[in-house]
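Comments concern the structure below.
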Amino acid sequence: MRQRTKTVLATLAVLAGLGAVAGGATVAFGLYNVSARAGHLPPVRWALHTTYRNAVDLYSGAPETPAPDLRDPALIELGARHFETACAMCHAMPGRARSATVRGMNPPPPHITDAVGGWSPEELHWIVFEGVKMSGMPPWPSSREDDVWAVVAYLRAIQTGAVTPARQAGITARAQMDGPEDAAWCAGCHGGTQAHVPRLDIFETGYIEAALMAYREGRRESGIMQHAASRLRPEQLSELAEWFARGAASPGRTTAAAPDLLAQGETLARAGTDDVPACTACHGPGPRDLSGLGGEDPKGRFPPLAGQDEAYLITQLRLWRDGVRGGTEAFNLMRVAARELKEADIAALAAWYASLDPSERTQAGPGATKAAEDRGAAAPDPLRQPADH
């Protein structure tokens with residue numbers, strides 16, 4: 001029995017050695033044909049595909065950011081517009097064909113109508129966020145998980161048949177307009193998509209340009225906006241910032257918030273609490289006291305918020321509170337201001353600011369109480385801290 005065990009172990013050792021030699025020779029002498037034209041052998045193709053499906057099943061748990069309403073038309077549109085420039089070059093879109101070059105890749109990226117398969121929302125989120133090794137599919141270009149849901153909403157709409165080739169053309173259509181290069185592309189979301197994106201016509205030029213540069217340089221996180229800003233030259237970003245800031249402010253988007261929620265938001269925004277400084281001191285409405293905040297252009301770092309999109313405000317306040325949001329040199333001031341916000345506070349503030357007419361950003365009004373202003377002025381000076389995001 002002992003002799004038999006020794007024989008088995010010796011055999012296994014020899015086989016392992018031969019395998020190592022064969023593998024080393026394959027690498028050293030280039031014996032494996034890496035030609036994409038030659039393709040994979042059927043067993044290799046099966047092994048890769050099976051490993052992929054099982055890995056997604058193993059690792060795709062519940063994302064840290066819970067899923068929003070994936071049937072939201074605005075969220076679907078946002079995902080479609082991002083997908084068009086970031087993903088469609090490989091996977092095409094409903095009603096469009098993949099190019100001959102893409103079809104020649106090994107493995108070829110499946111058409112999106114096939115790629116969505118029967119994956120669950122959580123699995124789709126994991127695939128889009130993590131990417132897939134040995135397939136050419138990159139990971140999401142940001143550490144933020146929440147804005148992946150827009151793409152997932154679009155993919156789910158394809159799964160369910162809600163996005164047909166005919167509807168696809170309408171979702172990503174671009175209006176003709178006079179403006180800088182790529183203005184129509186940017187305006188597809190910032191002026192077309194009805195929620196989840198900021199209205200730029202109520203921001204000052206300096207703020208828009210600073211945000212775009214922060215996205216481009218990776219100091220502010222968003223897979224959607226980092227991709228968009230990276231496609232444009234710095235001088236284009238400056239031209240677009242000025243063009244959007246000159247846009248005529250239109251009435252704010254309607255909100256269905258209850259009166260008591262709006263009242264709660266107004267009280268918190270104007271007066272603050274012991275832990276949360278008054279929002280109006282820096283963001284209006286009414287006169288904004290930005291003295292003593294440092295920098296050459298304080299208005300370029302503290303945007304007015306009257307009439308801003310409610311869903312966008314909710315997302316940004318959560319990012320500030322959770323320490324994810326970065327960007328301009330004053331980012332730490334907002335981290336300090338938002339770190340004690342509760343979900344109810346965020347909902348109330350977003351609803352109240354969204355209910356205001358954008359013209360109120362410059363009107364004099366009942367300002368924040370003196371105590372709230374003192375609390376805001378007494379906050380630690382974040383401009384002396386290094387900007388790590």
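Quick notes on this one:
- Heavy-atom accessible area, probed at 1.4 angstrom with all protein chains present, ranks Arg246, Arg219 as Arg246, Arg219, highest first.
- Exposure ranking of Val56, Val14, Val27 by accessible area [1.4 Å probe, largest first]: Val27, Val14, Val56
- Potential extension, Ala22-Val34 segment - 0.36 nm per residue separation minus Cα distance: 2.7 nm
- Summed over the residues of the chain and divided among them, the accessible surface reaches 53 Å² per residue at a probe radius of 1.4 Å.
- Using just its DSSP H runs of length 4 or more, each adding -39500 (n - 2.57), the chain gives a mean residue ellipticity at 222 nm of -15000 deg cm²/dmol after division by all residues.
- Residues Arg325, Arg45, Arg2 ordered from highest to lowest accessible area at a 1.4 Å probe: Arg2, Arg45, Arg325.
- Short-range pairs are left out: with C-alpha atoms under 8 Å and at least six residues apart, the relative contact order of the chain is 15 percent.
- Distance in nm between pseudo-label sites at Ser120 and Leu15 (7 Å out along the Cβ direction from Cα): 3.8 nm
- Surface accessible to a 1.4 Å probe, Ser222 within the full protein complex, Å²: 10 Å²
- DSSP H segments from the chain that extend 20 Å or more along their own axis, Cα-based, with Kyte-Doolittle mean of -1.0 or above: 2-29, 42-59
- The spacing between segment 71-114 and segment 1-67, judged by their C-alpha centroids, is 31 Å.
- Residues of segment 95-125 with amide N under 11 Å of the 7 Å Cα→Cβ point at Tyr52: 106-111, 115-116
The values are calculated or read from the model by the stated rules, or taken from the named source; none is laboratory data. Quantities reported herein were computed from a predicted structural model and do not represent experimental measurements. Here Cβ is always computed from backbone atoms with ideal geometry, including for glycine, and neighbour counts include all displayed protein chains. The protein model used for the area step is the full one, side chains on, heavy atoms only, and it has no ligands, DNA or RNA in it. Shrake-Rupley method; radii C 1.70, N 1.55, O 1.52, S 1.80 Å.
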